[in-house]
Structures are given as C-alpha cells and as structure tokens.
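Input: a single structure, listed below in structure tokens.
Since every read-out is calculated from the coordinates, none of them should be taken as a lab result. Since this is a predicted model, take the numbers as computed values, not measurements. As a convention, Cβ positions derive from the backbone with ideal geometry for all residues, glycine included, and neighbour counts pool all protein chains shown.
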Amino acid sequence: MTGVNHLLRHKEALVGPHVCGLTIVMLILTAVPTMAQQNLFNIPSGDITPKGEFFYQHQFNFYTTTEFESKSHFVYGLGEGWDAGVNLVDLPLQVDEVPVLSFNDDSNRKPLYPLLMFTLQKQFKINKHIKLNVGSQAGPNISPQARNKKFAFFHYGLVKSRLFKRVNLTLGGYHTDDTFVGQEKHHVGVLVGYEIPLTRRLSLMGDMISGNHKKSQSTIGALYTISKRVQLCGAALLDYPHGKKNHGVVLELNLFGWDIDSHQH
C-alpha cells in the first residue's frame, strides 16, 4: 500500500557518525525484498498472494530528473485468504547531492520518513465477482535515534468487484495517523482503484487516495505483462485531490513467484 509524498522538499541531511550506518541500512532494505501487500500504484490491489508464494514490487516516484522516492514491497501468502509482511516506503533519494539518502525524524515536521511497516491482510470472498479485503500496515520510522522513532499506521477495508467480466474496480476506505500522512486532521478517507484489460498483456490501471494530506494523490497509467512472472507499470502522478504538490511519474516493477495465469484471486 503501498501512498505518495514529495518528501524531498522537507528532507533533513544525514550528519555525524550515524551517516554511514543509516545509509547502509537503507540501501540494504531498498535492495532486498521485504514482505507486504500487493498494490496498484498507491493503494492495495485487493489481491491475495497464494499460499507459499511470493510477490515482490519495487516502485519509484520521480518528481524531477534528480529527485525521486523509493518504495519496496514483498508479499508472502499464508493461505486461507491471508498474506503478511513488511513495507519499506517513503525513502527519498537525490542523485545530485551527498548524501543521496535522507530522512526526517523530527516530530514537529510530520510526516516522518522512511517507514518500515509490518502488514497483515485478510480476504473474504463474497461471491465469484466480489471480494472484501481488510488489512493494516503499521510500524516505525527509521532513525539513528531511538527516541525519535514514532509509530505509523494505515488501516483499510476494500471491496474488489469484477464488472463486465473484465474490469476490476476497487473501492474502500482508510484510517491513518499524522506520522504517516503529515496532517493532524483528515485521517479518514476513500480509496479508489481500477484495472481495465485492453489486450492479453496490456491493461489500463490507476488509483486515488482522497484527503488533504501528503498521501492524497492520483495516478493514471498502464500495466504491461512482460512474461508469465514479470510486469512493468507506469503512470502519471497527479496532485489531485490534494492540489498542493508537484506532479510526477511512477515506474513500478512486479515480480511473481508463480505463473500469473495459474491463479485467479
């Protein structure tokens, strides 16, 4: 579930003896798959990973040619409609500055970032075409100072419906906190997503998080299935409905531990 911030405008430089250690930890966590729910771009997809299988997703949000943000997700299927794991999200990178990585652990300047969020999700099948997902993402921000770690959460409920035998529509709501979204108000909102197949390999895809905070943005893009286990996604990142942030571009890579056509969620 992955949400989106333009955090680079508010970044805090890494200084002192903690620079090397924190930078190494961030690079390792960014490069190594971690466990979490499947997402569209910014919201959970409403899919569940099959028991004993994995799904890895890495997303980059580009705001300029040198400023971008990394998000990594890895899902592990537990069976009986459950999956669980961890997300590493809201990791800013700026390639024309040193250090490349940055963080914010100042409680007076929320949201805090990056975040390491443990996740759990359960799906209930209402019928052949309608599924209900209830899930939560929760965990601390990464900081070299233990006293600066705060708890963030994002709880949600989604209904995923298949329309006209092809179109997947995802609709639900969320409850979060200011550590995650940066606002003391607007902690409740709406999630909307869609997938519209055009061909066997190509689909339109997008989503929206409502509200008036750093995570309330929309995407309009597409998904292309490269092979049975690899998908590449791209989208325009829009500041609607927040309306106070820069636009950007989203690139996303999905890696499946199983043949995509072999499981129907």
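Observations, loosely collected:
- For the listed peptides 137-143, 167-173, 110-116, a ranking on the average number of other beta carbons within 10 Å per residue, highest first, reads 110-116, 137-143, 167-173.
- Net charge dipole, region 7-262: roughly 740 debye, given to the nearest 20, about the Cα centre with Cβ charges of +1 for Lys and Arg and -1 for Asp and Glu.
- Burial order of peptide ranges 55-65, 97-107 (average beta-carbon count within 10 Å, highest first): 55-65, 97-107
- Three-way shape label, region 157-259, alpha-carbon gyration tensor, a/c 1.5: prolate
- Kirkwood radius, region 7-262, all distinct C-alpha pairs, inverse of mean reciprocal distance: 18.6 Å.
- Long pairs among Lys150/Lys244; Lys149/Lys214; Lys122/Lys244; Lys51/Lys185, criterion Cα-Cα beyond 29 Å: Lys122/Lys244; Lys51/Lys185
- Those aspartates and glutamates that a straight Cα-Cα span of less than 16 Å connects to Lys165, excepting residues fewer than 8 apart in one chain: Glu195, Asp261
- Most to least packed among 77-89, 213-225, 154-166 [average Cβ atoms within 10 Å]: 213-225, 77-89, 154-166
- Projecting the Cα atoms of Leu88, Thr65, Leu132 onto the charge dipole of region 7-262 (Cβ charges, centred on the Cα centre) puts Leu132 farthest toward the positive pole.
- Hits among aspartates and glutamates - C-alpha to C-alpha of Lys128 under 15 Å, sequence gap 8 or more where chains match: Asp47
- A Förster radius of 41 Å combined with the Cβ-Cβ distance from Val95 to Asp259 puts the calculated FRET efficiency at roughly 0.70.
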